[in-house]
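Just so it is clear, none of the values below were taken in a lab; they were calculated from the coordinates. From a predicted model like this one, the values you see are computed outputs, not experimental measurements. With ideal geometry, Cβ positions are generated from the backbone for all residues, glycine too; neighbour counts draw on all protein chains shown.
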Amino acid sequence: MPMRARTGPARGAGNCARSGHGPQDREGLGAGGFDWAVRNACLSHYERAVHTEQAAWKRELKRAPARVQWDPERDLRLQALPYRSLQLGLAGEAVRRYADEWIVGIRDVTPLAHRVHALVRDGQLDAARGLLPVERVYPGPAVGS
């Protein structure tokens, strides 16, 4: 299953609005920071094929500065796509690194999200797709990083 790393606006704008945060484009989030988070992450759920026992997974989950889960990917009409995207949840040291080291700029993309939504609502899917950021397949953490 390929991992997709989003470099553009978050798609969960509804969730952002409820939490008091707007969609943001994390400009300049270095691959080194993302790699560190992936290397230091624990799966958000117990997986028998990965973990020796559930108690060990629970200990690892409590200590891990990042959590990984696979979220369903959706198209512009919110229909399920045949692949999932990696989602990283940050805690502790990862949050500090994210705020202090990994981000070099933040840009509010709320107007872009509104334009895309309006185009989708009006059935202009090609125009809406043209406004979306380019997504790249994440090759995995760099060796030695």
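For the range 48-95, give me the residue count where each residue is surrounded by 11 or more Cβ atoms within 10 Å (Cβ to Cβ) and on the phi > 0 side of the Ramachandran plot.
Summing the residues that are surrounded by 11 or more Cβ atoms within 10 Å (Cβ to Cβ) and on the phi > 0 side of the Ramachandran plot in the range 48-95 gives 1.
Return the pair list, or none, for Cβ contacts closer than 7 Å from residues in the range 59-76 that are more than 12 Å from residue 45 (Cα to Cα) to residues that are assigned to a helix (DSSP H, G or I), at least 6 apart or on different chains.
65/93; 65/94; 66/37; 66/94; 76/120; 76/125; 76/128; 76/129
Report, ordered by the first and then the second residue, all pairs with beta carbons closer than 6 Å, sequence separation of six or more or different chains, a first member in the range 125-136 that is within 19 Å of residue 79 (Cβ to Cβ), and a second member that is surrounded by 13 or more Cβ atoms within 10 Å (Cβ to Cβ) and of a type in the set (D, E, K, R).
Cβ pairs passing all conditions: 135/4; 135/6.
Among the residues of the range 109-121, which ones are more than 12 Å from residue 76 (Cα to Cα) and surrounded by 10 or more Cβ atoms within 10 Å (Cβ to Cβ)?
Selection gives 109, 110, 112, 114, 115.
Among what's in the range 96-107 and is of a type in the set (A, V, I, L, M, F, W, C) and farther than 30 Å from residue 120 by Cβ, pick the residue that is surrounded by the most Cβ atoms within 10 Å (Cβ to Cβ).
Checked the range 96-107; the qualifying residue surrounded by the most Cβ atoms within 10 Å (Cβ to Cβ) is 102.
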